[in-house]
Amino acid sequence: MSLSLNRLITRKLLTIFTTSKRNFKVAVLGASGGIGQPLALLLKQNPLVSQLALYDVSKITPGVAVDLSHMNTCTLTEGFTGEDQLCTCLYGSSVVIIPAGLPRKPGMSRDDLFKSNAGIIANLTCAIARFCPCAMICIITNPVNACVPIASEIMCKCGVYDPNRIFGVTTLDLVRASTFVAEVNLTNPTCQYVPVIGGHAGATIIPLLSRSCPPILMSGTTRDTLTKRIQEGGTEVVAAKAGGGSATLSMAFAAARFANAILRGLNGEENVVEPAYVKSNVTASAYFSTPLLLGRCGIKENLGIGKVDQYEQDLICKAVPMLQKSIKAGVDFVKNLPSK
Ligand code: NAD
Ligand code: LMR
């Protein structure tokens with residue numbers, strides 16, 4: 001073999017070695033819905049996703065998977081429908097993302113979805129506990145504030161609970177906060193950072209505008225208006241869709257960003273930080289969203305709330321009892337499930 005060919009092969013091998021990534025199987029439950037389909041489209045383009053398993057009760061799911069499978073990316077995509085296929089869908093998954101369940105209509109609160117969605121989350125989590133108990137579980141389904149405790153209690157009941165692997169996806173609140181603040185600040189929204197903590201419903205959504213970067217030049221009224229708009233961003237979309245559902249495309253964008261953070265952590269990347277609603281002891285609420293350092297086993301470290309001013313402290317005080325009420329509803333729901 002000539003020296004130059006040898007060098008070429010060595011360089012090629014070196015490139016493969018230094019850029020090689022572990023690839024992961026990601027399952028989406030509720031994959032044929034308003035969020036599920038665009039989320040699958042985005043995940044199909046993520047180089048960290050080697051296998052994309054799409055599950056939904058809707059019979060179009062295998063078709064959605066065939067459609068996506070024609071995209072020339074390296075992610076193998078398969079569709080599953082019917083409870084008997086849930087096992088194959090979940091088996092070997094490192095990450096499970098759940099947007100299964102009903103969305104709001106105008107006039108409804110997220111809590112009004114509890115009746116229809118609590119049972120869906122409980123059933124799907126039972127299946128995760130059986131078929132991929134070590135997966136990172138990312139819950140989009142509303143009411144997130146109650147669904148995360150439901151999933152946690154189910155995993156606990158099944159003897160496979162790891163609080164570092166269960167997340168309520170609150171990323172859309174951060175995405176909205178960046179967008180709305182950038183509109184006021186006349187900044188590039190992709191470079192405008194605004195921390196948002198708490199939960200994912202109305203007054204439990206707490207934007208930390210005092211820590212926005214670049215900072216906002218705020219009057220009292222700007223602050224109230226911005227805070228309210230971020231807290232009611234979901235309702236703004238529900239009203240605009242006029243009975244046609246809630247945020248789907250911006251949510252898929254946000255969920256893809258969250259999934260990517262989880263995958264980068266799993267892949268061993270350092271300094272991956274993303275907030276989510278998780279089991280927590282940073283406030284009197286047993287679950288709370290704060291920035292998290294992510295790693296191979298999920299949450300490496302909860303980075304906590306950090307410095308807040310009096311305005312934000314008051315928002316936290318108002319949110320905690322509301323969160324406690326939703327959490328209790330979730331915990332009681334699982335307690336009252338008939339034992340199988
Ligand atoms: P959608 O009705 O368009 O889609 C939901 C999908 O779930 C449907 O395809 C349906 O067939 C499927 N489904 C229902 N029961 C199922 C089950 N048992 N197993 C598998 N699939 C099942 O609704 P959407 O607009 O995609 O919203 C989904 C959920 O996400 C809603 O609860 C909504 O409130 C919530 N949401 C959360 C956020 C957030 O920030 N966390 C943002 C937007 C929407
Ligand atoms: C959102 O914030 O857009 C979602 O929680 C959906 C909703 O019902 O508002």
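The values are calculated or read from the model by the stated rules, or taken from the named source; none is laboratory data. Worth saying up front: this structure is predicted, and the values here are computed from it rather than measured. Virtual Cβ from ideal backbone geometry, glycine too; neighbours counted across all protein chains shown. For accessibility, only protein heavy atoms count, side chains too; no ligands or nucleic acids. Shrake-Rupley method; radii C 1.70, N 1.55, O 1.52, S 1.80 Å.
Under the condition of being farther than 18 Å from K44 by Cβ, in a helix (DSSP H, G or I) and in contact with a Phe, Trp or Tyr (Cβ under 8 Å, 6 or more places away or on another chain), the residues counted in segment 55-85 number 1. Out of S93, S50, one residue alone is within 15 Å of ligand 1 (Cβ to nearest atom), under 20 Å from the mean Cα position of the chain (by Cα), hydroxyl-bearing (S, T, Y) and under 21 Å from A259 (Cα atoms). It is S93.
Taken over segment 98-141, the criterion of being polar (S, T, N, Q) and more than 10 Å from ligand 1 (Cβ to nearest atom) is satisfied by S109, T125.
Residues checked against (1) modelled with pLDDT of 95 or more; (2) within 16 Å of ligand 2 (Cβ to nearest atom):
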{"residue": "R165", "(1), (2)": "yes, no"}
{"residue": "L186", "(1), (2)": "no, no"}
{"residue": "G198", "(1), (2)": "yes, yes"}
{"residue": "S212", "(1), (2)": "yes, no"}
{"residue": "S219", "(1), (2)": "no, no"}
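Of all residues in segment 226-247, which are under 19 Å from G199 (Cα atoms), open to solvent by 50 Å² or more (accessible area, probe 1.4 Å) and part of a helix (DSSP H, G or I)? Residues satisfying the conditions are K228, R229, T235, E236.
Among the residues making up segment 229-268, those that are within 25 Å of E312 (Cβ to Cβ) and away from ligand 2 (no atom under 14 Å from the Cβ) are R257, A261. Out of A27, A40, A65, one residue alone is buried (at least 16 other Cβ atoms within 10 Å of the Cβ), touching a residue at least 12 places away in the same chain (Cβ under 8 Å), hydrophobic (A, V, I, L, M, F, W, C) and more than 20 Å from L263 (Cα to Cα). It is A65. The set of residues in segment 172-184 that are among the hydrophobic types (A, V, I, L, M, F, W, C) and within 16 Å of ligand 2 (Cβ to nearest atom) comprises L172, L174, V175, A177, F180. Of note, V144 does not satisfy the criterion of being closer than 27 Å to V96 by Cβ and without any contact (Cβ under 8 Å) to a residue 60 or more places away in the chain.
Among the residues here, A201 qualifies as touching a helix residue (DSSP H, G or I) at 6+ places or on another chain (Cβ under 6 Å), farther than 14 Å from P275 by Cβ, in contact (Cβ under 8 Å) with a residue 24 or more places away in the chain and not polar (S, T, N, Q). Cβ-Cβ distance below 8 Å, separation of 6 or more or different chains: which pairs start in segment 225-240 with a residue that is touching a residue at least 60 places away in the same chain (Cβ under 8 Å) and end on one that is among the polar types (S, T, N, Q)? Correct list of pairs: G234/S246; V238/S246. Name every residue in segment 202-217 that is of a type in the set (A, V, I, L, M) and either within 24 Å of the chain's Cα centre (by Cα) or surrounded by fewer than 18 Cβ atoms within 10 Å (Cβ to Cβ) (or both), in order of residue number. If the condition is that a residue be of a type in the set (A, V, I, L, M) and either within 24 Å of the chain's Cα centre (by Cα) or surrounded by fewer than 18 Cβ atoms within 10 Å (Cβ to Cβ) (or both), then A203, I205, I206, L208, L209, L217 are the ones that fit. Cβ separations smaller than 8 Å between residues 6+ apart or across chains give the following pairs from segment 327-340 residues that are within 19 Å of D111 (Cα to Cα) and open to solvent by less than 50 Å² (accessible area, probe 1.4 Å) to residues that are among the hydroxyl-bearing types (S, T, Y) and part of a loop (DSSP other than H, G, I, E, B): I327/S285.
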